[in-house]
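The structure under discussion appears below in the form of structure tokens.
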Amino acid sequence: MMRRIRCLGVVLLLMGLLLASAAGLSVVFMPKDNRAECGMVEPVANGFLGEREHSIDVLFVGDSEVYRAYSPLQMWHEQGFTSYVAATAGQILPYGNTLLSRALENQSPQVVVIETDFLYREFSLGDGVFRFAQDVFPVLEYHNRWKALTVADFHTRPRATWTDDYKGYQPIKDVKAADVSDYGAASDEVARVPRNNQLWLRLMVRSCRAHGATPVLMSTPSPVNWNMAKHNGTQLVADELGVTFVDLNLAREEIAIDWSNETYDAGDHLNHAGAVKVSRYVGQLLSREYCLVDRRSDPAYALWNASYERYREAGL
Amino acid sequence: MYYFVIISLGNLVELLAQELASRLRVNRDAFPYQALRIVRTLVIVCVGELVFRAKGFDVAVEMLRRMAEQPGVSSLVDGTVLSLGLDAQDIWAVGVGTACVLLLDAIGERLESPWDVMASKGPIVRCVVLVFALAVVAVFGAYGYGYVAVDPMYASF
């Protein structure tokens, strides 16, 4: 009996020491600001951390399809709602869930647009578990900061003072025409969203609803990444979750992407000209369907008008 | 295939080497001969690793040719070695880590096994040392954002 109690005591001691050291190290290693030079990972996608609290109406989450196609400042200028693109290259759903959770800590978006390209990007169970561990113990994400640690890291609280001027949108103006001969071919096939991905999508949808946000699944126009089988598979998941699915690949006449001029990598991603069309269409759609408030004349949002001016001056 | 060919050739010439060594009165157990064998193996392994990392046989040959034509260690002194993925701090971390492993290994061989020393300590000391070791791995380990796992050296092994 005593031996068992002793074993239990050792295990509890070990667990306690592990948790305490991981928590302590996490406090030290967390970047003290959300800038790249402060060690922030994916600063552009995390730029919403620097936005005024509860000031973002729409959050876009996903991979590179998202940050090349949706321009928050254009939607602001045309519709008057605020939005942010929390997207990273090759994003997998666990990181999308992380970005969403971070955003929901200080923002109350009315709509969360979850782009569907990454629903089909496979990842291992270990990737998901490791991402969860990184969220709980940030030292696992920022451990490489050991090279840049200063005394201030031991006593300064993290804060977020920076936001991306384009609100996560990353335009490219190059042109490389796409072959769209097979684009949109009808099919009854169903490309199933992998079970692991469905689990994480379910988590994201639940988080949105718990915070009063409406999740919307959206497929960005992309002849390379999209096909009818994926549409059918996504529709199936959307129906199961009771989430609206907007497939922009089917709104071809309304958006009218010119695939010989409005993609920079032969149909994988849109260039800026394509993004302008998509942002116009999506801005109108979100504004209309979700009754988003026009904040353009609200003095509290004056910085958005200033950002838009710089956006225009940059020729966008 | 590379090592298969090398090992097969080695087996084929082994008898010949034995005969040659006895005729030339070379002691194959002596240090100079052993040192020669170590250098030979080192060269074979290094060339082999280069061949495995090359994208094709022609690229491997080109790399070997350039090594022979432009020998030198300029990248070690002009700083370009630090642009290959490991910065100076990483190299320090690797150096200190290697030194620790060597030290513990030497202590284990000449004095007492570090594992035995740890086993003789109480649970609190063991827990603290274990947590410290895990923390060192968590902080200085190569993983996470920006880290791309290096391809396995020997095909899929």
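The values are calculated or read from the model by the stated rules, or taken from the named source; none is laboratory data. Being a predicted model, the structure only gives us computed values, none of them experimental. With ideal geometry, Cβ positions are generated from the backbone for all residues, glycine too; neighbour counts draw on all protein chains shown. These area figures cover heavy atoms from the full protein model, side chains too; ligands, DNA and RNA do not enter into them. Shrake-Rupley method; radii C 1.70, N 1.55, O 1.52, S 1.80 Å.
Points to keep in mind about this one:
- Hits in region B:120-156 (condition: under 24 Å from A:Gly24 (Cβ atoms), at pLDDT below 85 and open to solvent by less than 70 Å² (accessible area, probe 1.4 Å)): none
Every residue, every condition in (1) within 24 Å of the chain's Cα centre (by Cα); (2) away from chain A (no Cβ under 14 Å); (3) aliphatic (A, V, I, L, M); (4) part of a helix (DSSP H, G or I), yes or no:
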| residue | (1), (2), (3), (4) |
| --- | --- |
| B:Ala99 | yes, yes, yes, yes |
| B:Leu102 | yes, yes, yes, yes |
| B:Ala106 | yes, yes, yes, yes |
| B:Asp116 | no, yes, no, yes |
| B:Ile124 | no, no, yes, yes |
| B:Ala133 | yes, no, yes, yes |
| B:Val136 | yes, no, yes, yes |
| B:Tyr143 | yes, no, no, no |
| B:Val150 | yes, yes, yes, no |
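- Any hit, region B:52-65, residues being surrounded by 14 or more Cβ atoms within 10 Å (Cβ to Cβ), in a helix (DSSP H, G or I) and within 14 Å of chain A (Cβ to nearest Cβ): no
- Residue selected from region B:67-79 under the condition at pLDDT 80 or above and of a type outside the set (A, V, I, L, M, F, W, C), by the criterion most open to solvent (accessible area, probe 1.4 Å): B:Glu69
Each row is one residue, and each column tells you yes or no for (1) more than 25 Å from A:Leu199 (Cβ to Cβ); (2) within 14 Å of another protein chain (Cβ to nearest Cβ).
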position	(1), (2)
A:Leu18	yes, yes
A:Ala23	yes, yes
A:Asn34	yes, no
A:Met75	yes, no
A:Gly90	no, yes
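- Here the condition is being more than 30 Å from A:Val11 (Cα to Cα) and within 14 Å of chain A (Cβ to nearest Cβ); of B:Val94, B:Val73, it holds for B:Val94 alone.
- Residue tally, condition within 7 Å of another protein chain (Cβ to nearest Cβ) and touching a residue at least 60 places away in the same chain (Cβ under 8 Å), over region A:145-154: 1
- Pairs, first within 13 Å of chain B (Cβ to nearest Cβ) and farther than 20 Å from A:Leu17 by Cα in region A:122-139, second open to solvent by less than 20 Å² (accessible area, probe 1.4 Å) and modelled with pLDDT of 95 or more, C-beta under 7 Å, six or more apart: A:Asp127/A:Pro94; A:Arg131/A:Pro94; A:Arg131/A:Thr98
- Condition check for B:Ala133: of a type in the set (Gly, Ala, Ser), within 25 Å of A:Trp146 (Cβ to Cβ) and in the same structural domain as B:Leu84 (by TED's automatic domain parsing): yes
- Tally of residues being of a type in the set (Gly, Ala, Ser) and over 20 Å from the mean Cα position of the chain (by Cα) across region A:275-304: 3
- Total residues in region A:72-106 satisfying the condition of being free of Cβ contacts under 8 Å to residues at least 12 places away in the same chain and farther than 14 Å from A:Ala213 by Cα: the figure is 0.
- Of the residues screened, A:Val10 is one that is without any contact (Cβ under 8 Å) to a residue 60 or more places away in the chain and open to solvent by 40 Å² or more (accessible area, probe 1.4 Å).
- Unique residue being modelled with pLDDT of 95 or more, under 10 Å from the mean Cα position of the chain (by Cα) and either within 14 Å of another protein chain (Cβ to nearest Cβ) or part of a helix (DSSP H, G or I) (or both) when the list is A:Val66, A:Val61, A:Val112: A:Val66
- 1 or more residues buried (at least 21 other Cβ atoms within 10 Å of the Cβ): qualifying helices (runs of 4 or more DSSP H) within region A:176-294: A:195-210, A:228-241, A:272-289
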